[in-house]
Amino acid sequence: QVQLVESGGGLVQPGGSLRLSCAASFRYFSIYDMSWYRQAPGKERELVATITSGGSTDYADSVKGRFAISRDNGKNTVYLQMNSLKLEDTAVYYCNGKLRGTTVSVWGQGTQVTVSS
């Protein structure tokens, strides 16, 4: 079964840090482009960060310099290190895997991140 499972969410104070993990159960993880999205209450889902199969990264302007995406192909896992968290980072964070050149797109179930004092 093709599956992505996120973990690492929780409650953190402004200025704090969290590291999200997303474990993939499917084969050939290394050739997928992996991304983190987030969706805040009442807002549309937005792209936060992407890491390609080749290791190139890209970030939303709102998180540049604060978040870092990485992957460990040996563990079939992608990470999102979130530093200097702000109230506006509060959202459900979703992991996504896309196979370039195809319509294959896999989503995780999401993990809640709440930034609050």
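The values are calculated or read from the model by the stated rules, or taken from the named source; none is laboratory data. Since the model is a prediction, treat every value here as computed from it, not as a measurement. All Cβ positions, glycine included, derive from the backbone under ideal geometry; neighbour counts span all protein chains shown. The area values use the complete protein model at the heavy-atom level, side chains included, leaving out ligands, DNA and RNA. Shrake-Rupley method; radii C 1.70, N 1.55, O 1.52, S 1.80 Å.
Please enumerate the residues belonging to the stretch 72-117 that are of a type in the set (Asp, Glu) and either more than 25 Å from GLY55 (Cβ to Cβ) or touching a residue at least 24 places away in the same chain (Cβ under 8 Å) (or both). If the condition is that a residue be of a type in the set (Asp, Glu) and either more than 25 Å from GLY55 (Cβ to Cβ) or touching a residue at least 24 places away in the same chain (Cβ under 8 Å) (or both), then GLU88, ASP89 are the ones that fit.
If you go through the stretch 1-27 and pick out every residue that is in contact (Cβ under 8 Å) with a residue 24 or more places away in the chain and more than 12 Å from the chain's Cα centre (by Cα), you end up with 14. Identify the single condition in (1) open to solvent by less than 40 Å² (accessible area, probe 1.4 Å); (2) outside any loop (DSSP other than H, G, I, E, B) that GLN112 does not satisfy, given that it satisfies every other one. Condition not satisfied by GLN112: (1).
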